[in-house]
């Protein structure tokens with residue numbers, strides 16, 4: 001019984017740390033930038049609306065929607081990674097590694113160029129749908145291959161190859177696009193949270209919230225699934241339905257990220273892994289909210305660095321996430337080796 | 001074959017619609033033990049998997065408590081039937097206690113949170129099986145013999161009426177084998193029926209009420225240990241030829 005109590009206490013502390021971290025970095029993200037905004041000004045602007053016009057505009061139109069976007073999408077990215085890792089029973093599966101992000105990117109590029117050249121206005125909703133279709137296509141390809149390939153290393157290699165193919169097609173599209181489109185596409189495809197607005201926040205919020213709730217409702221069957229197919233089946237879990245659910249949810253989540261921030265690497269692998277270490281468990285009921293918060297925090301930190309380290313110019317977020325995320329992936333591989 | 005708790009009628013099993021074993025007719029009552037024996041590749045696991053609904057049966061019927069097995073919902077079946085198969089379980093950072101608790105899945109609510117009663121059942125089961133000493137250890141870090149007992153506890157936790165075991169004693173040394181058998185006896189006392197596949201003939205002979213022998217396309221023989229265990233028949237079942245037989249006799253090796 002003592003052990004159980006220890007685990008509960010550990011979880012409570014871990015969640016407290018995460019939430020505090022998110023609050024702190026959220027405020028830092030709002031406050032720090034080319035224009036510094038003090039805490040009292042932030043409070044004043046949010047609750048009293050009493051600052052000068054410029055500060056208010058920076059706060060409300062730029063920093064706040066951006067930080068909220070980072071919070072939601074960072075979480076979505078980590079959750080999507082966690083789902084894929086559960087699905088493939090493989091600690092380095094993730095939307096970026098398996099080429100799912102690249103597939104989404106390809107579809108978004110196609111839609112952007114195709115619609116823009118016909119002077120349609122692309123809205124965020126269309127982009128999400130395009131990204132969703134793209135991620136489903138790559139996910140489908142990966143699934144087809146997993147039917148034939150059992151080895152985890154081969155699967156990752158296949159994912160990377162799918163990613164290259166999709167990137168190649170994207171480049172091809174870019175070559176034939178007009179100059180104005182290229183600027184747009186290029187900015188977007190480097191991965192950045194800049195340009196987040198309230199409209200985007202609203203759409204992202206709805207998509208991610210629904211996916212999060214549905215994922216959380218799956219936590220019990222996922223728990224059984226973690227112990228193996230035969231166990232899950234003997235517990236009465238409908239494995240086929242569960243698999244479809246995981247694929248759809250992780251695709252929607254990664255589609256949201258790609259549509260709004262472009263492909264962002266390594267968060268999907270690094271954040272869930274760090275959370276597993278922090279909570280010392282892989283139980284979905286803890287890891288689903290845990291990964292989400294972990295991913296949010298990870299992205300808030302990375303975005304803060306991306307915006308400020310070389311200010312006034314901005315790094316793209318993938319540069320920063322890769323610097324922190326890639327060593328973690330290497331660590332996972334070494335850790336795995338040690339265990340076997 | 002009425003009056004049985006579990007029975008099959010013309011059950012044909014196999015993969016991808018290709019039958020491996022045809023027309024199996026077996027039945028056991030409550031608290032009885034049925035052992036499936038036969039040479040490697042005879043389809044022992046296939047039969048068990050089909051009975052457990054892990055594998056689509058090709059034709060025929062399986063009745064559990066007078067109801068066809070396909071008519072059970074997944075969760076209803078999981079309250080009656082528990083399985084322990086060889087395709088290993090990965091601990092995935094779980095402690096022994098957590099793995100055992102996983103057996104309470106059919107009884108917990110929507111989010112799988114254990115009630116006080118569930119916790120009690122888990123505790124009692126761990127005590128019965130004798131794994132309380134290492135309940136807080138990492139499941140991936142205990143020995144194979146210990147793992148097997150933990151999985152047995154998980155299965156018992158499910159409070160089933162029938163348990164299917166696929167080669168439960170392989171890889172166990174003699175001490176664990178005996179301990180395992182004593183747990184099986186406890187299950188029998190609780191009126192739980194058991195169907196298992198075994199390689200050790202002496203074991204099958206001594207604890208089973210019924211034996212199913214598999215060889216070739218049809219189930220070869222079904223009956224009590226006395227009916228099945230004749231030297232000549234067993235030699236034929238496993239393809240033990242005159243030379244092997246003589247060798248065993250010379251060296252004093254018991255076949256069963």
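Bear in mind these aren't lab numbers, they're just calculated from the coordinates by the rules spelled out. The structure presented is a predicted model; accordingly, all values stated were derived computationally and were not measured. Counting neighbours? That spans all protein chains shown, and the Cβs are built from the backbone with ideal geometry, glycine included.
What the table shows:
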| item | result |
| --- | --- |
| Computed FRET value (nearest 0.05) for residue B:173 with residue A:36, which takes r as the C-beta separation and R₀ as 45 Å | 0.05 |
| Over chain A, volume per residue of the alpha carbon convex hull, in Å³ | 151 Å³ |
| Max mean-square fluctuation residue, GNM over chain B, Cα-Cα springs under 10 Å, options B:87, B:16, B:71 | B:87 |
| Prolate/oblate/rounded call for chain B, Cα gyration tensor, a/c under 1.5 rounded | oblate |
| Ellipticity estimate at 222 nm from DSSP helix runs (n ≥ 4, -39,500 (n - 2.57)) divided over chain A, nearest 500 | -26000 deg cm²/dmol |
| Mean Cβ count within 10 Å, highest first, over the residues of peptides A:287-298, A:310-321 | A:287-298, A:310-321 |
| Among B:69, B:195, B:36: highest mean-square fluctuation, GNM of chain B, C-alpha pairs under 10 Å | B:69 |
| Per-residue mean of C-beta atoms belonging to partner chains within 10 Å, peptide A:233-244 | 5 |
| Relative contact order [Cα under 8 Å, 6+ residues apart], chain B, whole percent | 26 percent |
| Proxy reagent accessibility, fewest Cβ within 10 Å first, across B:105, B:218, B:4 | B:218, B:4, B:105 |
| Equivalent ellipsoid semi-axes - Cα gyration tensor, the range B:205-247, angstrom | 20, 14, 7 |
| Antiparallel DSSP beta bridges within the protein assembly as shown, as percent of all bridges there, nearest 5 | 50 percent |
| Cα gyration tensor, the range B:173-224 - rounded (a/c under 1.5), prolate or oblate | oblate |
| For the range B:112-256, the fraction of alpha-carbon pairs in successive 5 Å shells from zero, as % | 2, 8, 16, 18, 17, 13, 10, 7, 6, 3, 1, 1, 0 |
| Percent of alpha-carbon pairs separated by more than 16 Å within the range B:111-182 | 53 percent |
| Per-residue [θ]222 nm for chain B (sum of -39500 (n - 2.57) over DSSP H runs n ≥ 4, rounded to 500) | -10500 deg cm²/dmol |
| From the C-alpha gyration tensor of the protein assembly as shown, square roots of 5λ in Å | 56, 26, 20 |
| 25 °C / 0.890 mPa s Stokes-Einstein diffusion coefficient of the range B:1-139, Kirkwood radius on C-alpha pairs, µm²/s | 142 µm²/s |
